[in-house]
1. Taking residue 50 and the conditions (1) closer than 19 Å to residue 13 by Cα; (2) modelled with pLDDT of 90 or more; (3) loosely packed, with under 15 Cβ neighbours inside 10 Å, which numbered condition does it fall short on, given that it satisfies the others?
2. Residue 4: modelled with pLDDT under 95 and either within 16 Å of residue 78 (Cα to Cα) or surrounded by fewer than 19 Cβ atoms within 10 Å (Cβ to Cβ) (or both), yes or no?
3. List the pairs whose first member sits in the stretch 42-64 and is under 17 Å from residue 17 (Cα atoms), whose second member is surrounded by fewer than 13 Cβ atoms within 10 Å (Cβ to Cβ), and whose Cβ atoms are under 8 Å apart, counting only residues at least 6 apart or on separate chains?
4. May I ask you to list the residues in the stretch 69-84 that are within 20 Å of the chain's Cα centre (by Cα) and not in a helix (DSSP H, G or I)?
5. Between 71, 24, which is exposed (fewer than 14 other Cβ atoms within 10 Å of the Cβ) and closer than 20 Å to residue 82 by Cβ?
6. Would a scan of the stretch 87-100 turn up a residue that is modelled with pLDDT of 85 or more and more than 19 Å from the chain's Cα centre (by Cα)?
7. Which residue, of 39, 61, is farther than 22 Å from residue 79 by Cβ and charged (D, E, K, R)?
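The values are calculated or read from the model by the stated rules, or taken from the named source; none is laboratory data. Computed from a prediction, not measured in an experiment: that's the story for all the values here. Don't worry about glycine lacking a Cβ; one is built from the backbone with ideal geometry, like all the others, and counts go over all protein chains shown.
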Amino acid sequence: MTLAVCVRCGNSKVGAFTPCTGCGLAPAAHGTERELQARSLLLTERYLPGGELEEIGRKIRKGEPVTYDAGLLAQITEDLRTQKLPIVSKSSPGCSVALWAVVGVLLVLAVGFLLMSRLRGP
């Protein structure tokens, strides 16, 4: 997970789309608000070194204005709109794990069935 700063209150958190424990802002819940999500992604260690990230968090907590790199923000927003960057799914991660577990079991059964049919012969 990536260290991030909440765009609303400036608290540190893990992950750009993780709900903030300070103010409750959950960027992933705002599915169509790509600029909010883009700002949330921009305020991560993926885009900013730790010192800059901490400084921006301090500014937000004090209510000072924060300047975002307009070009980078526009690019991230467009990438989110065209799904070049992953958007957090509303389904829980467990659903994905469960689905792949079922696919894996079915695959093992299919391979086992093929091997058994070959061993039996014609």
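1. Checking residue 50 against (1) closer than 19 Å to residue 13 by Cα; (2) modelled with pLDDT of 90 or more; (3) loosely packed, with under 15 Cβ neighbours inside 10 Å, the one that fails is (2).
2. Details: modelled with pLDDT under 95: yes; either within 16 Å of residue 78 (Cα to Cα) or surrounded by fewer than 19 Cβ atoms within 10 Å (Cβ to Cβ) (or both): no.
No; evaluated as a whole, the condition is false for this residue.
3. Listed pairs, sorted by first residue: 42/69.
4. Step one: filter the stretch 69-84 for residues within 20 Å of the chain's Cα centre (by Cα), giving 72-84.
Of everything in the stretch 69-84, those that are within 20 Å of the chain's Cα centre (by Cα) and not in a helix (DSSP H, G or I) turn out to be 82, 83, 84.
5. Of the residues listed, the single one that is exposed (fewer than 14 other Cβ atoms within 10 Å of the Cβ) and closer than 20 Å to residue 82 by Cβ is 71.
6. Checked the stretch 87-100: no residue is modelled with pLDDT of 85 or more and more than 19 Å from the chain's Cα centre (by Cα).
7. Only one candidate qualifies: 61.
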